[in-house]
Structures are given as C-alpha cells and as structure tokens.
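Engineer: Before we start, here is the structure in question, set down as structure tokens.
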Amino acid sequence: ANHVYAKDLPVLVRTVDYLINEMGRRDVCVLQMGDMTEITRELNAMIEDAGLGAHVIFAGKVENARKFMPQFDVFLMTSRSEGLPLTIYEAFLNKIPVVTTDAGGIPEAVKNGFNGYITGVGNFKQLAEYVDFLLGDAERRRSMADNAHRTLLEKFTAMQCAERSNELYKSILR
C-alpha cells in the first residue's frame with residue numbers, strides 16, 4: 001500500500017499499537033510495502049510515539065513484493081476506500097488469511113469468519129482482535145487460508161472474471 005489517504009495507514013499503526021501496548025502481544029511484526037509520501041513522516045511519528053519501532057517496518061517500494069507473501073501469517077488491510085484489491089487475491093492464492101476493513105468491493109471476496117475477517121473502516125480495535133485471534137490459533141489460520149484459496153479458485157480466476165464481464169456487457173447491450 002502506498003502511503004496515501006485511501007489506505008488509512010494511521011489505522012494500521014493504531015491496530016499494531018493496540019496489539020502491542022493494550023493486548024500485550026510482543027510477537028507481532030508488520031512489514032508494510034509501498035511508496036512513501038508526505039504522509040510517511042506522520043506515520044513514523046505515530047510509530048515512535050507508541051514505541052513500535054521494533055514492530056512496524058516500512059520497506060518502501062519493493063519490486064515483486066508478492067514473493068514475500070508466503071512468509072506472512074496474516075494479511076492486514078486497513079483501507080478506507082478500495083475497489084477489490086488484487087492483494088486480497090494474492091493473499092488468497094498464497095493461503096494467507098485476510099483481516100481487513102469493509103472498504104469498497106472487499107466484502108465481495110472476504111466473508112467474515114470463513115476466509116478472513118472483515119470489520120468497519122477505521123475499527124482498529126476489531127482489526128487487532130482478529131489478528132490476535134488468528135495468531136493464537138494455527139488451526140483456524142490454516143482452515144481460513146484453505147477457504148480463502150478455495151474461494152479464489154471457485155470465484156475469482158481470470159477466466160471467471162472475464163466470463164462475468166462478458167455476461168454483463170451482453171446484458172447491457174440487450
């Protein structure tokens with residue numbers, strides 16, 4: 001996620017702050033990849049103020065960032081506005097459970113409690129609680145990740161998306 005307003009990265013920092021400083025988790029490290037902008041200074045100040053320097057890493061732009069996905073236990077998205085981001089599909093492909101806000105088209109793919117967890121925009125406490133729950137339950141993470149992968153294969157392959165688009169275009173032309 002580039003450091004832009006729509007990605008709501010202050011909520012990402014608040015989520016990690018809540019996990020570490022309120023819930024007492026010390027085993028969380030968030031790797032955030034994306035272009036840094038004028039917002040980055042504010043985010044770094046939030047991280048410093050909360051004492052999260054050992055728990056949040058801004059890697060900047062990373063070529064082929066998706067190659068790191070298999071190493072993640074949970075994919076966290078805090079956006080306030082989205083379409084249906086490809087990174088959700090990439091997490092599903094790599095069997096990573098998703099914890100996200102309900103921005104834009106995300107609820108089309110993420111079904112709460114089935115293939116990920118979804119909450120309202122800005123709800124950092126609920127995001128943190130979902131991350132904590134998944135990190136504490138390897139079997140639930142595995143089950144959710146399998147459901148996410150199956151969802152991708154059953155509903156969101158390139159062929160299926162093309163067929164749905166074609167049907168939509170045909171219905172408009174009728």
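Engineer: Kindly report the accessible area of the chain per residue (heavy atoms of protein chains, probe 1.4 Å, no ligands, DNA or RNA), in Å². Walk me through the intermediate numbers first.
Structural biologist: Numbers: 9390 Å² over 174 residues.
That works out to 54 Å² for each residue.
Engineer: I'm checking a number: the convex hull volume of the Cα atoms of segment 1-102, normalised per residue, in Å³. What is it? Walk me through the intermediate numbers first.
Structural biologist: On the way: hull volume 10.0 nm³, N = 102.
Roughly 98 Å³ of hull volume per residue.
Engineer: How long are the three semi-axes of the equivalent ellipsoid of the chain, in whole Å, if each is the root of 5 times an eigenvalue of the C-alpha gyration tensor, listed from largest down? Don't skip to the end; give the middle numbers.
Structural biologist: Values: eigenvalues 168, 71, 41 Å².
Rounded to whole Å, the semi-axes are 29, 19, 14.
Engineer: Related question: In Å³ and rounded to a whole number, note down the convex hull volume per residue for the Cα atoms of segment 46-120.
Structural biologist: Details: hull volume 8.9 nm³, N = 75.
Given the Cα convex hull of segment 46-120, per-residue volume reads 119 Å³.
Engineer: Ok, one more. Using a 1.4 Å probe on the protein heavy atoms, what percent of the accessible area of segment 1-60 belongs to carbon and sulfur? Could the numbers behind the result be given before it?
Structural biologist: On the way: 1520 of 3100 Å².
Using a 1.4 Å probe with all protein chains present, segment 1-60 comes out at 49 percent carbon and sulfur.
The values are calculated or read from the model by the stated rules, or taken from the named source; none is laboratory data. Quick caveat: nothing in here was measured; it's all calculated off a predicted structure. Side chains are part of the model used for accessible areas, which takes the heavy atoms of the whole protein and leaves out ligands, DNA and RNA. Shrake-Rupley method; radii C 1.70, N 1.55, O 1.52, S 1.80 Å.
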